[in-house]
Structures are given as C-alpha cells and as structure tokens.
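Participant: What follows is a structure written as structure tokens; I'll ask about it next.
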Amino acid sequence: MAYNYEGCVDYRGDAAMALECARNLLEAKGFKVLPPAANQLWFTNPVSYLNTKKKPLLMVSKGCITATGSSLTLQAELGNLQALVKFLVLLVAVLAIPETAMVAVILVMVAKQPALLPICLLSIAPVPLVFLLMPRFQGRITARALDALLNEVAVVGGGRGSS
C-alpha cells in the first residue's frame, strides 16, 4: 500500500534497551505504547492531526518496532494520511458545484476576452495539483521523521543508524 512505511537500521546494542528507548521517544510524541512483548513494541496514535507541519510523525496511526539479530525494523501505517485523502476527496465533491459555476464564469470571460485565458487557467489549475501532491508530500515528511526516530533509537543503545 502506498501509505505504509518500513525502515530498518543496524543495531549492535541491547534489544531491550532499544525498545525501551523507542517507547520513551514514542510516548514523548503522544503515542500510546504497549509494553514490549518479546522483541516487538507496538504503538498507536490516539490523535488524528490534519496540520502536521510541526509534528509530522503524528500522521502515523499505528505500527511496531522489531529488534531481530543486529537490526531494528520499524513498520508503520500512515492511516491518518488515508483519512486526510478521504477528507480532501469529500471536500472536492462538496466544492464541485461552486467550482463548476466558477469554471462556467471563467469560460464566459475567456470567450469575451481570450487574452484572459492564461490568468484564468492559473486561478483554477493549482487546486487539483494541491490535492494530488499533498498526500505524497506529507508521506515523505512522515517517512523522514520515522527514519530520524529509528536512527535515534539505534544510536542511543550503541548501534549505528543506516536506513
């Protein structure tokens, strides 16, 4: 699925220490973290944010960190991003009627004054691009935040981060 994340780093420290560090970092970011079970730590995000400029990691809805051998693996589901995409689709559907009227007005204006075509296109062209690019952009920001979190967990316990 396009909205899932998986990252892996080398780690040479104690697995229990790494999972405890991950637990502390995730709790500090507002996640609900279950106690580690064997070599895994599961977490969920009880909050859904639409504006995640300051906290992009909160786009993650659930995931787990697994310590196996000499590596730490983080798998996460960007479910809040899916909710954001659904919200944007709904918003587009609701705005379809006024937008259709706006396009009709623009067409009439362009028919009367063809020189206005570039300006009119610039007024409506960015709207679909924003809806198409926002999930991809937000997904990249979230992936970078998860990479940084995973590297921080690895470094705290004497490992070395390498995605």
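Participant: Please list 3J(HN,Hα) in residue order for segment 108-116, calculated via the Karplus relation 6.51 cos²θ - 1.76 cosθ + 1.60 where θ = phi - 60°; whole Hz, with x for glycine and proline.
Facilitator: Result, rounded to whole Hz: 5, 4, 5, 5, 7, 9, x, 5, 7.
Participant: Right, another one. Output wanted: per-residue J couplings in Hz (rounded whole) for segment 17-22, from phi through Karplus 6.51 cos²θ - 1.76 cosθ + 1.60, θ = phi - 60°, x for Gly and Pro.
Facilitator: Coupling constants for segment 17-22: 5, 5, 5, 5, 4, 4 Hz.
All of the numbers you see were taken from the coordinates with simple rules; none came from a lab. Just so you know, these numbers come straight off a predicted model, no measurement behind them.
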